[in-house]
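Report on one structure; see the data block that follows.
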Amino acid sequence: EPPLPDPTQPDPTPPDVTRRLLDAWRGEIEAQAVYEALALREKDERRAQVLRRMAQGEAGHLQRVEARMRELGIAVPDPASVSLSPWQRLQVRVAPVERVLAAREAAENDEILRGYGLPTGDAPTDELFHSIRNDERSHARQISALNGTVHAGSGSPKGRLDQILKRESWHQRGS
């Protein structure tokens, strides 16, 4: 017969919350790696700055996810255990930057809908995910602008980049 739960002890973390936090943790490391690598390849310094700020934003998300994991007693794995797949590494190294950014935009949109958009059943984790989801929406818009896929009539590439830089003030405030 299984032992009865001890009412003086906090409820154990539901397995889905643990899995979702670990998935988010891995995703933030991968996104940061991609944005940093693309920033190194980017010849336009302003675009490179946007990519570096996006990588910093992902690093901030990572810190927040790790803090929540620690609060729940979930062991934070070694970040070195996460790496881009060989295909991702090849794309980041040689594919046109716009193509890699399009793949990142799709990944950001997937995180918005599935990763951070679905409730976990744990209110503090859901609050964290909601906050990060808003940041990820901004990243998806930035990528669209970097790729020139924002709505018609948005102007020159410089104008689109200026739009991104204005929208990205939240990174400077420390989301």
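The values are calculated or read from the model by the stated rules, or taken from the named source; none is laboratory data. Please read all numbers here as calculations on a predicted model, not as lab measurements. FYI the Cβ positions are ideal-geometry reconstructions off the backbone, even for glycines, and counts take in every protein chain you see. The area values use the complete protein model at the heavy-atom level, side chains included, leaving out ligands, DNA and RNA. Shrake-Rupley method; radii C 1.70, N 1.55, O 1.52, S 1.80 Å.
Here are the numbers for this structure:
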item: One residue from A39, A48 being assigned to a helix (DSSP H, G or I), open to solvent by less than 20 Å² (accessible area, probe 1.4 Å), free of Cβ contacts under 8 Å to residues at least 12 places away in the same chain and over 24 Å from A123 (Cα atoms); result: A48
item: Qualifying positions in segment 58-82 - in contact (Cβ under 8 Å) with a residue 40 or more places away in the chain and exposed (fewer than 14 other Cβ atoms within 10 Å of the Cβ); result: E71, G73
item: From R114, R68, R89, R47, residue being in contact with a helix residue (DSSP H, G or I) (Cβ under 8 Å, 6 or more places away or on another chain) and closer than 30 Å to A145 by Cα; result: R47
item: Residues (open to solvent by 50 Å² or more (accessible area, probe 1.4 Å), over 11 Å from the mean Cα position of the chain (by Cα) and farther than 13 Å from D16 by Cβ) located in segment 115-144; result: A123, P124, E127, H130, R141
item: Residue match in segment 62-85 (condition: assigned to a loop (DSSP other than H, G, I, E, B) and on the phi > 0 side of the Ramachandran plot); result: yes
item: Pair list, Cβ under 8 Å, 6 or more apart: segment 119-136 residue among the hydrophobic types (A, V, I, L, M, F, W, C), other residue open to solvent by 40 Å² or more (accessible area, probe 1.4 Å); result: L128/R64; I132/R64
item: Members of segment 17-36 found to be under 16 Å from Q88 (Cβ atoms), touching a residue at least 24 places away in the same chain (Cβ under 8 Å) and not hydroxyl-bearing (S, T, Y), listed by number; result: R26, G27, E28, I29, E30, A31, Q32, A33, V34
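Yes/no per residue for (1) of a type in the set (S, T, N, Q); (2) at pLDDT below 95; (3) out of contact with any Asp or Glu (no Cβ under 6 Å at 6 or more places or on another chain):
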{"site": "P3", "(1), (2), (3)": "no, yes, yes"}
{"site": "K43", "(1), (2), (3)": "no, yes, yes"}
{"site": "V50", "(1), (2), (3)": "no, yes, yes"}
{"site": "R68", "(1), (2), (3)": "no, no, yes"}
{"site": "V76", "(1), (2), (3)": "no, no, no"}
